[in-house]
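K.L.:
Attaching a single structure in C-alpha cells format; questions to follow.
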Amino acid sequence: MSRTRTALLAAMALVAGATGTAFAVDPGAAGVAAVPCTVDYKIQNQWSTGFTAAVTITNNSAAKSSWSLKWSYAGNQKVTSGWNAKLGQSGAAVTAANETYNAQLATGGSVSFGFQGSYSGSNAVPATFTLDGVTCNVDGGPGGPTDPPDPGGPSNRVDNPYSGAKVYVNPEWSANAAAEPGGSRIANQPTGVWLDRTAAINGAGGKMGLRAHLDEALRQKGSGELVVQLVIYNLPGRDCSALASNGELKPDEIGRYKTEYIDPIKAILADSKYASLRIVTTVEIDSLPNLVTNTGSRPTAVPQCDVMKANGNYVKGVGYALNKLGDVPNVYNYVDAGHHGWIGWDDNFGASATIMKEAATAEGATVNDVHGFITNTANYSALKENNFTINDNVAGKSVRESKWVDWNRYTDELSFAQAFRNQLVSIGFPSGTGMLIDTSRNGWGGTARPSGPGAQTSVDTYVDGGRYDRRIHLGNWCNQSGAGLGERPQAAPAAGIDAYVWMKPPGESDGSSKAIPNDEGKGFDRMCDPTYTGNPRNNNNMSGALPDAPVSGHWFSAQFRQLMQNAYPPLS
C-alpha cells in the first residue's frame, strides 16, 4: 500500500459509542480516565474475496515484556497469513501474540503487525479488542477503520524534508571522528545510520540500535524539525557484483528479508513516539542498477547478478520496503540510483529508470511511496567538474571520446542527478520528486586538485589534466586513495536537489584489503586490494584502493585522516 493518513495523536483516548462511531476524549479531562490501550485497525487493501489489514497497538499502562491481542469477527473473516505477530484463529476469535523481536512494549510505546485475510459478504471492523485481557478502544479517527482503503494517501510530509530542519548527528560516528587529530572540525556533521544486517535493528556488538538512535534524535530535535537518515541495506543476495558488501541473506531468502528485517523496522518507525521526526530512508544501495549493467551477455556480467535478475528478489525486496515504510506518514523514501560513472551511458540510463519504476510498483508499492532518489551513495564521483564539459572538443575530438569519459553523457554527479530526475519524472514518478547527492567523499581537494583545464594536446591530456576526480578509473569504488571530504551537508543546494548529504559516514571502510573473518556476512573483494589489476567493470585497471583497510563499515583511521587532508572545500 502507499502512504496512509495520519492517525489521531496517541495521547487521545478513543471511546466507541453505542452506534459504533468513535470519538476522541481528552484523557486529562475532569472525570475521564485514560484508557489502558488503543488499537488502530486499518483495512489497507480489499478485493472481492480478501483483504489486508494493519494493526497498531499503543500501550498506555505499565511496560510489558510480552503481549497478546484478541478480537472476534462478526462475519466469516479468516486470517490466512500474517507478519510481525504470531496469529491464530478459532472460529471467529483471533489471537495475535508478539514475536521475540517485538515482545517489549513500553509505556506509551506502540507495536504494529499486519495480516492477509479472506471473507465473503461484509468485512466489518471488529468492535472490541483486548490486550492481555484488558479492553482497548479502537482508533476510528481519520484514516481509521471506518474509512475505505486509501490508495493515494494524503500525509503530513513536506516537499523537502531537509528544508528548515537540522539533521541527526550519530553520536557513535561523532565520537570516532572527534578522536582523530583535527576530527573535531567535522564531528558535528550529520551522517547516515546504516542498518546493514538484521542485528543492527536492535544493536549489535555494543552499538546503538534503531530505537536508541531515534530516542537520541528526539533529544537532538528539541522544539525544531529534525531529519534522521537511515540506510536500508540488507537485500537477499545483496550487492551481487561486490563481495565486500555481501550480506547475511541468501539470494532466495526474500521471506526473511520481509519478516525479519523490513517488518521490524517498519514497526519501530511507526511508533507514535517518533511521529515528530522526519525519517529519510535510503533504500537498498547498489541493487537495482546491477540488474541492468551486470547481467546477461555484457562483458561486465556477474553470475550472481543473473541469479538476482532471474528470481526477481531485488525488485520484490525494494518494492516491499517502499510499500511498508511508505505507510509511515513521516518516512521519506529515497531509492538508490547509482552514480554517473555507472548508469550515465546511453544503454544504462533509461533502462535503470525503467527497472526503478518496476520496483516502485511491485509488492503493493506505488510511485507515491517514493519521495526521491539518491546518487553517489558511498561513492567518489565529483560533484561538479568545472574544467571541462561534455560539449567540449579538443584536437578534433569530443570530450566523450576521452578514455576517462568513455562516451558517457555526463561528467559529474550534479548534471547526472538533475538529468536522471527528469528521466524518472518522464516515466511516471511524481513531478515533485527530489534528489539527494552523497558528497561525503567526492571533494578531491589537496595538492592534486587541478586549478584549470589540462593541456589541449589531445582530448585525453585535456580531460585528465583538468578533472578533479583523481581515480584511476570511474569503476573504482573501494577506499579510494587521494579522496577528500566533499561539500558539507546542506538543504536545497541546486535545482531539483533536496540536499547534499553524507550518507556514507566518512572514515567507515568500504571493504577489507585482504580476507578478514567476520560474523557480518561480508566477503573479500579484490577491488579493495591495492595490488589488484582489475576486471571488466573497471576496464582492467588497478583498484586504486588504500592498504590495510578493515571490513566494510568498520572505522578506518588512515582513510579518515586522508579525507580531511584532501577535503574540498578545505577544512578550516
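The values are calculated or read from the model by the stated rules, or taken from the named source; none is laboratory data. What you see is a predicted model; the values in this text were computed from it and never measured. Because the Cβ atoms are built from the backbone with ideal geometry, glycine has one as well, and the counts that use them run over all protein chains shown. These area figures cover heavy atoms from the full protein model, side chains too; ligands, DNA and RNA do not enter into them. Shrake-Rupley method; radii C 1.70, N 1.55, O 1.52, S 1.80 Å.
K.L.:
Could you go through the stretch 513-522 and let me know if any residue there is among the hydroxyl-bearing types (S, T, Y), part of a loop (DSSP other than H, G, I, E, B) and under 25 Å from the mean Cα position of the chain (by Cα).
P.N.:
Scanning the stretch 513-522, I find no residue that is among the hydroxyl-bearing types (S, T, Y), part of a loop (DSSP other than H, G, I, E, B) and under 25 Å from the mean Cα position of the chain (by Cα), so the answer is no.
K.L.:
Here is a further query. With the requirement that a residue be under 24 Å from A275 (Cα atoms), at pLDDT 85 or above and not in a loop (DSSP other than H, G, I, E, B), what does the stretch 44-66 give you?
P.N.:
Within the stretch 44-66, T52, A53, A54, V55, T56, I57, T58, N59, K64 qualify.
K.L.:
Run down G534, G521, G507 and say which single residue is under 22 Å from R197 (Cα atoms) and at pLDDT below 95. Give the derivation first.
P.N.:
On the way: G534 fails: under 22 Å from R197 (Cα atoms); G507 fails: at pLDDT below 95.
Answer to the check: G521.
K.L.:
Further question on the same structure: If you go through the stretch 231-289, how many residues are of a type in the set (F, W, Y) and farther than 29 Å from Y41 by Cα?
P.N.:
1
K.L.:
Another question, then. One residue is enough: does the stretch 472-483 have a residue meeting the conditions touching a Gly at 6+ places or on another chain (Cβ under 6 Å), surrounded by fewer than 22 Cβ atoms within 10 Å (Cβ to Cβ) and over 30 Å from V370 (Cβ atoms)?
P.N.:
Yes, there is a match, as at least one residue in the stretch 472-483 is touching a Gly at 6+ places or on another chain (Cβ under 6 Å), surrounded by fewer than 22 Cβ atoms within 10 Å (Cβ to Cβ) and over 30 Å from V370 (Cβ atoms).
K.L.:
A further question follows. Among the residues of the stretch 432-441, count how many are open to solvent by less than 10 Å² (accessible area, probe 1.4 Å) and in a loop (DSSP other than H, G, I, E, B). So that I can check it myself, show each step before the final result.
P.N.:
Going through the stretch 432-441, the residues open to solvent by less than 10 Å² (accessible area, probe 1.4 Å) turn out to be 433-441.
Keeping just the survivors that are in a loop (DSSP other than H, G, I, E, B) gives 433, 439-441.
Qualifying residue count for the region: 4.
K.L.:
Here is a follow-up. Would you confirm whether or not the stretch 400-414 contains a residue that is open to solvent by 10 Å² or more (accessible area, probe 1.4 Å), at pLDDT 95 or above and in a strand (DSSP E or B)? Spell out the reasoning first.
P.N.:
We begin by selecting, within the stretch 400-414, every residue open to solvent by 10 Å² or more (accessible area, probe 1.4 Å); these are 400-401, 403-404, 406-407, 409-411, 414.
Narrowing the set further to residues that are at pLDDT 95 or above leaves 400-401, 403-404, 406-407, 409-411, 414.
Imposing the further condition that a residue be in a strand (DSSP E or B) reduces the set to none.
No, that holds for no residue.
K.L.:
Condition first: among the hydroxyl-bearing types (S, T, Y) and either at pLDDT 95 or above or crowded, with 23+ Cβ neighbours inside 10 Å (or both). Now tell me which residues in the stretch 296-318 satisfy that.
P.N.:
Y314
K.L.:
Picking from D464, D469, D460, D498, which residue would you name as being assigned to a strand (DSSP E or B) and not basic (K, R)?
P.N.:
The unique qualifying residue is D498.
K.L.:
Being in contact with a strand residue (DSSP E or B) (Cβ under 6 Å, 6 or more places away or on another chain) and among the hydroxyl-bearing types (S, T, Y) is the filter; apply it to the stretch 361-402 and report the residue that is nearest to A448 (Cα to Cα).
P.N.:
Taking the candidates together, the pick is Y380.
K.L.:
Exactly one of (1) modelled with pLDDT of 95 or more; (2) more than 19 Å from N376 (Cβ to Cβ) is unmet by E284. Its number?
P.N.:
Result: E284 fails condition (2) only.
K.L.:
Just the residues that are touching a residue at least 12 places away in the same chain (Cβ under 8 Å) and either open to solvent by less than 20 Å² (accessible area, probe 1.4 Å) or over 21 Å from P506 (Cα atoms) (or both), please, taken from the stretch 445-460.
P.N.:
Applying the first criterion (touching a residue at least 12 places away in the same chain (Cβ under 8 Å)) to the stretch 445-460 yields 445-446, 448-450, 452-454, 456-460.
Of everything in the stretch 445-460, those that are touching a residue at least 12 places away in the same chain (Cβ under 8 Å) and either open to solvent by less than 20 Å² (accessible area, probe 1.4 Å) or over 21 Å from P506 (Cα atoms) (or both) turn out to be G445, P450, G452, P453, G454, Q456, T457, S458, V459, D460.
K.L.:
Further question: Looking for something open to solvent by less than 20 Å² (accessible area, probe 1.4 Å), of a type in the set (F, W, Y) and touching a helix residue (DSSP H, G or I) at 6+ places or on another chain (Cβ under 8 Å) - is there at least one such residue anywhere in the stretch 253-271?
P.N.:
Yes - at least one qualifying residue is present in the stretch 253-271.
K.L.:
Please identify the pairs in which a residue from the stretch 384-410 that is within 12 Å of T461 (Cα to Cα) and among the basic types (K, R) has its Cβ atom under 9 Å from the Cβ atom of a residue that is open to solvent by 80 Å² or more (accessible area, probe 1.4 Å) and at pLDDT below 95, counting only partners at least 6 apart or on another chain.
P.N.:
K403/N539
So that you can scan it fast, the table gives a plain yes or no per residue for (1) modelled with pLDDT under 85; (2) among the aliphatic types (A, V, I, L, M); (3) over 29 Å from the mean Cα position of the chain (by Cα); (4) open to solvent by 40 Å² or more (accessible area, probe 1.4 Å):
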site: A11; (1), (2), (3), (4): yes, yes, yes, yes
site: S68; (1), (2), (3), (4): no, no, yes, no
site: N84; (1), (2), (3), (4): no, no, no, no
site: G108; (1), (2), (3), (4): yes, no, no, no
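K.L.:
Which of the residues that make up the stretch 188-207 are open to solvent by 10 Å² or more (accessible area, probe 1.4 Å), part of a loop (DSSP other than H, G, I, E, B) and modelled with pLDDT of 95 or more?
P.N.:
N188, Q189, P190, T198
K.L.:
Still on this model: Mind counting the residues in the stretch 164-187 that are part of a helix (DSSP H, G or I) and either over 19 Å from S552 (Cβ atoms) or open to solvent by less than 30 Å² (accessible area, probe 1.4 Å) (or both)? Reasoning before the result, please.
P.N.:
Keep residues of the stretch 164-187 that are part of a helix (DSSP H, G or I), which gives 171-178, 183-185.
Restricting the remaining residues to those that are either over 19 Å from S552 (Cβ atoms) or open to solvent by less than 30 Å² (accessible area, probe 1.4 Å) (or both) gives 171, 173-175, 177-178, 183-185.
Looking only at that region, the number is 9.
K.L.:
Please count how many residues of the stretch 537-567 are modelled with pLDDT of 95 or more and either assigned to a helix (DSSP H, G or I) or crowded, with 19+ Cβ neighbours inside 10 Å (or both).
P.N.:
So the answer is 17.
Each row is one residue, and each column tells you yes or no for (1) in a helix (DSSP H, G or I); (2) of a type in the set (F, W, Y); (3) within 19 Å of E413 (Cβ to Cβ); (4) free of Cβ contacts under 8 Å to residues at least 12 places away in the same chain.
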{"position": "A267", "(1), (2), (3), (4)": "yes, no, no, no"}
{"position": "T281", "(1), (2), (3), (4)": "no, no, no, no"}
{"position": "R298", "(1), (2), (3), (4)": "no, no, no, yes"}
{"position": "M308", "(1), (2), (3), (4)": "yes, no, no, no"}
{"position": "A353", "(1), (2), (3), (4)": "yes, no, yes, no"}
{"position": "M356", "(1), (2), (3), (4)": "yes, no, yes, no"}
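K.L.:
Can you tell me which of (1) out of contact with any Asp or Glu (no Cβ under 8 Å at 6 or more places or on another chain); (2) assigned to a strand (DSSP E or B); (3) farther than 21 Å from Y261 by Cα is the one G82 doesn't meet?
P.N.:
(3)
K.L.:
What residue, among those in the stretch 208-249 that are without any contact (Cβ under 8 Å) to a residue 12 or more places away in the chain and assigned to a helix (DSSP H, G or I), is most open to solvent (accessible area, probe 1.4 Å)?
P.N.:
Only one residue tops the list, namely R219.
K.L.:
Pick out the one residue from Y334, Y314, Y380 that is in a loop (DSSP other than H, G, I, E, B) and among the aromatic types (F, W, Y).
P.N.:
Testing whether each residue is in a loop (DSSP other than H, G, I, E, B) and among the aromatic types (F, W, Y) leaves just Y380.
K.L.:
Could you tell me which of the residues I262, I285 is under 17 Å from the mean Cα position of the chain (by Cα), among the β-branched types (V, I, T) and outside any loop (DSSP other than H, G, I, E, B)?
P.N.:
I262
One line per residue, one yes/no per condition, for (1) under 14 Å from S381 (Cβ atoms); (2) polar (S, T, N, Q); (3) touching a Ser or Thr at 6+ places or on another chain (Cβ under 7 Å):
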residue	(1), (2), (3)
G475	yes, no, no
A492	no, no, yes
A495	no, no, no
A499	no, no, no
E508	no, no, no
